[in-house]
Amino acid sequence: MRPEPRLPRAPRLPRAARLHYAWIIAGLTFLVLLAGAGLRSAPAVLIVPLQQEFGWSRATISFAVAVNLMLYGLMGPFNAALMERFGLRRCIVVSLLVIAAAMLGTTVMRAAWQLVLLWGVIVGAGTGMVALVLGATVAARWFHARRGLVMGVLTASTATGQLVFLPAMAALATSVGWRAVSVTLAAVAVALVLPVAFLMRDRPSDLALPPFGSEAVEPPPPPGPNPARRALRALGEGLRVRDFWLLAGSFFICGASTNGLIGTHLIPACVDHGIPEVTAAGLLAAMGVFDFFGTTASGWLSDRCDNRALLAWYYGLRGLSLLFLPFAFHYSFWGLSAFAVFYGLGWIATVPPTVRLAGRTFGDENVAVMFGWIAAAHQLGAASAAWAAGVLRVDTGNYLAAFMGAGVLCLIASAMVSFIGAERGRLRPVAAT
């Protein structure tokens, strides 16, 4: 009899450590998502410098940011299917190299259409690979236990990315120039290529390991269909489930009230009120600190509590915070500090409960692709708010309507999520085709 082929072994670790390789994958993913957060948050500190150098209006620059956010979201489900077909390592490496090339290209741009092409289209599509869909994929493949906690920590990397990058980028843009920001972010993307290439693995079975919290090694699934067909078929299935509309609709509002509005326009709004750009960036970084703890706690709670109730609380508190923000500017330090605390605690704390509800609705084997479409709705909301807030700022001279409108939308989302799972028979899994 021919001997069975040996599976590759996991890298050796000291026995005393007993560290499951899933935690190494989670740590590496955290670093990739952290860098992606820095790349995505850069427009917040570039709007004013680009406006001053080229004379472009905030509406024009906001349009490029909107394209970036829209493609970042729309690429999510297709990227999830690509990761299923070609593996995490290949997809992440290609994405990082594409992002770095586009970032360097922005240093020589001279026209608004080049900003839209480089920052909007290429960086937007590239960052879609190093997005929350990556975190959802890693959590689903590598963890059976502690999945909610892991998703919370990976989601919190976005907040940590702001904490690490925003103040430094604002200081760099002020002292050296905005081009130095682009070059620095390109270098960060390139620096991550080697660790990903050498340490990233696609599945626990690649190392003859079971997922963390399981005892059985799960064989890799057979090669799937064309990634585009897989993603579009999953969307067709999702559109027939009411809970998909509720999850996607509430996440649309989530994106509009975070990445699109606050992540893009808070610094320019602070500048309008006489607050220096570096100070405003520090405010966003402080929000990132509170969000790191809030989102990590949200992941822990999502393993133990009713996820619908968690989402209702998060959206409700965010809505009240946004309704308070226009008045916070009048109280300067204390008002904005209070806003940073309450808004920051729930910035993206919505992600772990949303992923858990998506997994419960569509099954673990489909959660990455389906959450990709839900995340696409998030970024469509972000793109809409980024563009609309810029237009409102040009038309009215302030951001009052944008902040108040987003606050009302969050209160609507708080009511929406209470209906998730209310329909009988909703747990019909999407076929893994």
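Label positions at V190 and F293, each projected 7 Å from the Cα along the C-beta direction, are separated by 3.9 nm.
Using the Kirkwood radius over Cα pairs, work out the Stokes-Einstein diffusion coefficient for the stretch 54-157 at 37 °C and 0.692 mPa s, in µm²/s as a whole number. Result for D is 222 µm²/s. Mean-square fluctuations from a GNM of the chain, with a 10 angstrom spring cutoff on Cα atoms, peak among I253, I348, I412 at I412. At a Förster radius of 41 Å, what calculated FRET efficiency corresponds to the Cβ-Cβ distance of F327 and L199, to the nearest 0.05? It comes to 0.25.
Annotation: amide H of F212 within the under-5 Å range of F143, H144, sequence separation 5 or more or interchain, hydrogens built in the peptide plane.
At a 1.4 Å probe radius, carbon and sulfur cover how many percent of the accessible area of the stretch 337-387?
Answer for the stretch 337-387 is 68 percent, counting heavy atoms of protein chains only.
Convex hull volume of the Cα atoms of the stretch 108-207, normalised per residue: 118 Å³.
Here the convex hull built on the C-alpha positions of the chain has a volume of 148 cubic angstrom per residue.
Solvent-accessible surface (1.4 Å probe) assigned to C305 amounts to roughly 60 Å².
Calculate, in whole percent, how much of the Cα-Cα pair population of the stretch 226-321 lies beyond 22 Å. Cα-Cα pairs in the stretch 226-321 separated by more than 22 Å: 49 percent. Think of the chain as a dipole: +1 on every Lys or Arg Cβ, -1 on every Asp or Glu Cβ, centred on the Cα centre; then among V367, S257, L283, V367 lies furthest on the positive end.
Computed over the alpha carbons of the stretch 320-388, Rg followed by Dmax gives 16.3, 50 Å. Comparing G236, P204, P167 along the charge dipole axis of the stretch 163-295, the residue lying farthest to the positive side is G236, per the Cβ-charge model.
A 1.4 Å probe run over the chain, with the rest of the protein chains in place, finds 42 Å² accessible per residue.
The values are calculated or read from the model by the stated rules, or taken from the named source; none is laboratory data. On a predicted model such as this, the values are computed, not experimentally measured, just so you know. Cβ: placed from backbone, ideal geometry, glycine included. Neighbour counts: every protein chain shown. Accessible surface areas use protein heavy atoms only, side chains included; no ligands, DNA or RNA. Shrake-Rupley method; radii C 1.70, N 1.55, O 1.52, S 1.80 Å.
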